[in-house]
Amino acid sequence: MADVVITEVHGKVGLIRINRPEAMNALNNEVVDGITAAVDRFEADENIGCMVLTGSEKAFAAGADIGFMKEFDYMHAYKIDFITRNWERLRTARKPVIAAVAGFALGGGCEIAMMCDMIFAADTAKFGQPEIKLGIIPGAGGTQRLPRAVGKAKAMDLCLTARMMDATEAERAGLVARVVPADQLLEEALKAAATIASYSLPVAMMVKESVNRAFESSLNEGLLFERRVFHSTFAVQDSKEGMSAFVEKRKPAFKNR
Ligand code: CAA
C-alpha cells in the first residue's frame, strides 16, 4: 500500500504531501499521524528551515474521514482526545510552515491549512467548513481560526451555510497569502519556503512566535512581547552577521546561532 504521507527534502525545505487520492486526502489517523511524524522529523533536523504541507491537484484534504468518524460516540471521542491528540502538532511547530492548497480544502482540510503559518492557494482551490451538513461542527479550529482570518461575517456564512469559497475570494478575505496558477503552486511555495529557510532559523522562529502572539494578547502586551524578542535578537550572532553584511555590501552567511 502506498504511503499516505510522503516527505521530501528540497534543499533546506521539508515537503510533506498528503497522499490518499482515493478518498480526496480525507484525514484519518494514519494520515494525521504521518503528518505529525513528518513535522517531528523536520523540526528535529537542523538543516531544515521551513516546511511546506500540500496535497494533490484535486484535494489538499476534503476533511476528517467521515467513514472513520461515523462510528464514534462521545465517550470514545473524549477518551482518545480526538483532534487534540495528534492534529495539533502542526500548530505547535516552531519552524514556519506554508500550506500549498490546490483543489478542496474542506472541514478538517481547511482547518489544517489554517494551522499553518500562511496559505498559498492554486487558482483551483476551494475552501469551506461544511461540517454542519453532517450534523457536526468544525472541530479542528474552524470556528476560531476562520473568524480571526476572515472576520465574523464570512466565517458565519461559511460555517452556517456550508458553501465553498474560491481562491480569489479567500485571498480578498485574508485567508490566503498568495493565489498562483495551479501548475505553479508547488514551485511558488517551495521558492518562498527556500527564501525563508535562507534566513537565520532562530530569527525566523522568533518572527513566527511574535506574529502568532498578536492573536493571543492585547496590543500593549503584544508590543511588549515583540520588544523583548527584538532586544533578544541583539544576542543572536546572526544579527551581527546580517547587519555587517549589509554595511559591507555582501551576502550574509547565517549560522543559525
Ligand atoms: N471522508 C471520507 N471520504 C471522503 C471524504 C471525507 N471527508 N471526502 C471525499 N471522500 C471520498 C468519497 O467518499 C469518494 O469515495 P468513493 O470513491 O469510495 O465513493 C471519494 O472520496 C471521491 O469523492 P466524491 O466522489 O464525493 O468526489 P466529488 O468530486 O463528487 O466531490 C467533495 C468532492 C466535494 C470534496 C465531496 O467528496 C465532499 O463533499 N466530501 C466531504 C467534505 C466534508 O464534508 N468535509 C468535512 C468532514 S468533517 C470534518 O472535517 C470535521 C472536523 O472539523 C475535524
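The values are calculated or read from the model by the stated rules, or taken from the named source; none is laboratory data. Worth saying up front: this structure is predicted, and the values here are computed from it rather than measured. Note that each Cβ is placed from the backbone with ideal geometry, even for glycine, and that neighbours are counted across all protein chains shown.
Descriptive notes on the structure:
- The single condition from (1) closer than 30 Å to GLY55 by Cβ; (2) in a helix (DSSP H, G or I); (3) in contact (Cβ under 8 Å) with a residue 12 or more places away in the chain that GLU226 fails is (1).
- For ILE132, the conditions (1) surrounded by fewer than 24 Cβ atoms within 10 Å (Cβ to Cβ); (2) within 13 Å of the ligand (Cβ to nearest atom); (3) outside any helix (DSSP H, G or I) all hold with the exception of (3).
Residues are listed down the side, and each one gets a yes or a no for (1) in contact (Cβ under 8 Å) with a residue 24 or more places away in the chain; (2) away from the ligand (no atom under 16 Å from the Cβ); (3) hydrophobic (A, V, I, L, M, F, W, C); (4) touching a Phe, Trp or Tyr at 6+ places or on another chain (Cβ under 7 Å):
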site	(1), (2), (3), (4)
ASP33	yes, no, no, no
ILE48	yes, yes, yes, yes
ASP65	yes, no, no, no
VAL101	yes, no, yes, yes
GLY109	yes, no, no, yes
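- Among the residues examined, THR168 qualifies as among the hydroxyl-bearing types (Ser, Thr, Tyr) and farther than 22 Å from TRP87 by Cα.
- Any hit, the range 6-24, residues being touching an Asp or Glu at 6+ places or on another chain (Cβ under 7 Å), part of a loop (DSSP other than H, G, I, E, B) and modelled with pLDDT of 95 or more: yes
- Qualifying residue in the range 167-175 (condition: closer than 24 Å to ARG94 by Cα and either more than 16 Å from the ligand (Cβ to nearest atom) or in contact (Cβ under 8 Å) with a residue 12 or more places away in the chain (or both)): yes
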